[in-house]
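The values are calculated or read from the model by the stated rules, or taken from the named source; none is laboratory data. Here the structure is a predicted model, which means the values were calculated and not measured. In this analysis, Cβ positions are derived from the backbone assuming ideal geometry, glycine residues included, and neighbour counts consider all displayed protein chains.
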Amino acid sequence: MSPQYRLLMVTWNADEVKSRMCELRDFVNKYNPDVISLQETWLRPSHTLALANYQVYRNDRQAMRNSNFRGGGTVILIKNTIKHTRIPTPTWKVQKQLW
């Protein structure tokens, strides 16, 4: 019989993860997920995000001219014990047009 493997994954709309780090740590301590996907992180490049025993992969929202940084951004956290490889993220160029 082949060994069974359980992969516990969670996705969460964080709605500004910096203000919810205590909730995130409590959740991780309670459920011990292998992979965590966060949306709406609202992180800026100057912000740090670290969670013990997890590798962090970020995609912060890029600031647009005349806009603030509020909103956007994604993070994937993967347990350090899980073998994984990051592949390049495609760059999508959104062209704004005036009509």
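Couple of notes before you dig in:
- Taking each residue of segment 1-27 that is hydrophobic (A, V, I, L, M, F, W, C) and at pLDDT below 95 and looking for partners that are surrounded by fewer than 12 Cβ atoms within 10 Å (Cβ to Cβ) and in a strand (DSSP E or B) with beta-carbon atoms closer than 8 Å, six or more apart or interchain, yields nothing.
- Pick from segment 8-42, criterion of a type in the set (A, V, I, L, M) and under 15 Å from Q55 (Cβ atoms), ranking: surrounded by the fewest Cβ atoms within 10 Å (Cβ to Cβ): M9
- Matching entry among I87, I36 (being modelled with pLDDT of 95 or more and aliphatic (A, V, I, L, M)): I36
- The residues listed here are V17, V10; of these, the one that is within 15 Å of G71 (Cα to Cα) and of a type in the set (A, V, I, L, M, F, W, C) is V17.
- Inside segment 43-64, residues that are surrounded by 16 or more Cβ atoms within 10 Å (Cβ to Cβ) and of a type in the set (G, A, S) make up a count of 0.
- Pair list, Cβ < 6 Å and 6+ apart or interchain, from segment 58-84 residues that are closer than 12 Å to T41 by Cα and at pLDDT below 70 to residues that are not aromatic (F, W, Y) and not in a strand (DSSP E or B): F69/R44; F69/A63
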